[in-house]
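Each remark here refers to the structure printed beneath this line.
The values are calculated or read from the model by the stated rules, or taken from the named source; none is laboratory data. If you're wondering where the values come from, they're calculated on a predicted model, not measured in any experiment. Neighbour counts are summed over all protein chains in view; Cβ atoms, including those assigned to glycine, are modelled from backbone coordinates with ideal geometry. Just the protein is used for accessible areas: all its heavy atoms, side chains included, with ligands, DNA and RNA removed. Shrake-Rupley method; radii C 1.70, N 1.55, O 1.52, S 1.80 Å.
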Amino acid sequence: MTKLLAEQPVLLAIVLAVLGVGCLYGWLQSGKRAALLAGALFFVLIPLGFWIAANWETDRERITALVYETALAVEQNDADKVAAVIAPELEEIRRLATSEMSNYEFKRAQVGQIRSLVFNQNAVPLEAQVDITANVTVRARSGAFGEQEVSRRLILRFQKRDDRWLVVDYTHLPVIGGPDGFSPHTDLTKSYRDF
């Protein structure tokens, strides 16, 4: 129900319109005023549904926005902003992310597709795993290769802490297939199916 209210206002509007038309048809057939009022109420609720969807930010929307904001930080080569998305106590992962970023200069970083965003409702604190495809234009700072277009699959594990989503683990892989020589670690590819 939360997803319908907050993330699918068009579907909600269709359901309310069908109910409203049904009540108005019932009023035309029976002449009962209650059916007319119920039909009018369903039609009045349609804009309210759009207002709720516009003002209610779900965890799914927060994580999606965070993914896009982080892609922009990568494109701007802002390693500090990228590291700020990672949980503070995970120094090793922060160091890994910033050291990987320091090896490359990014010209473009885009989220190609969010393949899945799955919540683990049994985890405390709440966890989510996001599987995305990212497209970047990058060159090595060492000059080892020129500018290249690269697509990678990223798997990010988030935890919700004090109403804020933070990355607690990540890996990147080729878009098709398993880990390669550039993948930092592969624990998430095994645990991905647990979600």
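Can you give the Rg/Rh ratio of the chain, where Rg is from the C-alpha atoms and Rh is the Kirkwood radius? Could the numbers behind the result be given before it?
Working: Rg = 22.9 Å, Rh = 19.6 Å.
Reported Rg/Rh (Cα atoms, Kirkwood Rh): 1.17.
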Candidates PHE106, PHE158, PHE145: whichever shows maximal mean-square fluctuation once the chain is modelled as a Gaussian network with Cα springs under 10 Å: PHE145
Accessible area in square angstrom per residue, the stretch 59-194, 1.4 angstrom probe: 54
Computed label-point distance, nm, for sites ARG95 and SER30 using a 7 Å Cα→Cβ extension: 7.2
Cβ-derived FRET efficiency at R0 35 Å, VAL21 paired with ILE114, nearest 0.05: 0.50
Where trypsin sites (Lys or Arg not before Pro) fall in DSSP loop in the stretch 1-72, at most 16 other Cβ within 10 Å: LYS32
Spin-label model distance (nm) - VAL150 vs GLU69, 7 Å beyond Cα toward Cβ: 2.5
Protein-only accessible surface order, largest first, of TYR25, TYR68, TYR170, TYR104 at 1.4 Å: TYR25, TYR68, TYR104, TYR170
Angle in degrees between helix 91-102 and the longest Cα principal axis of the chain, rounded to the nearest 10: 80
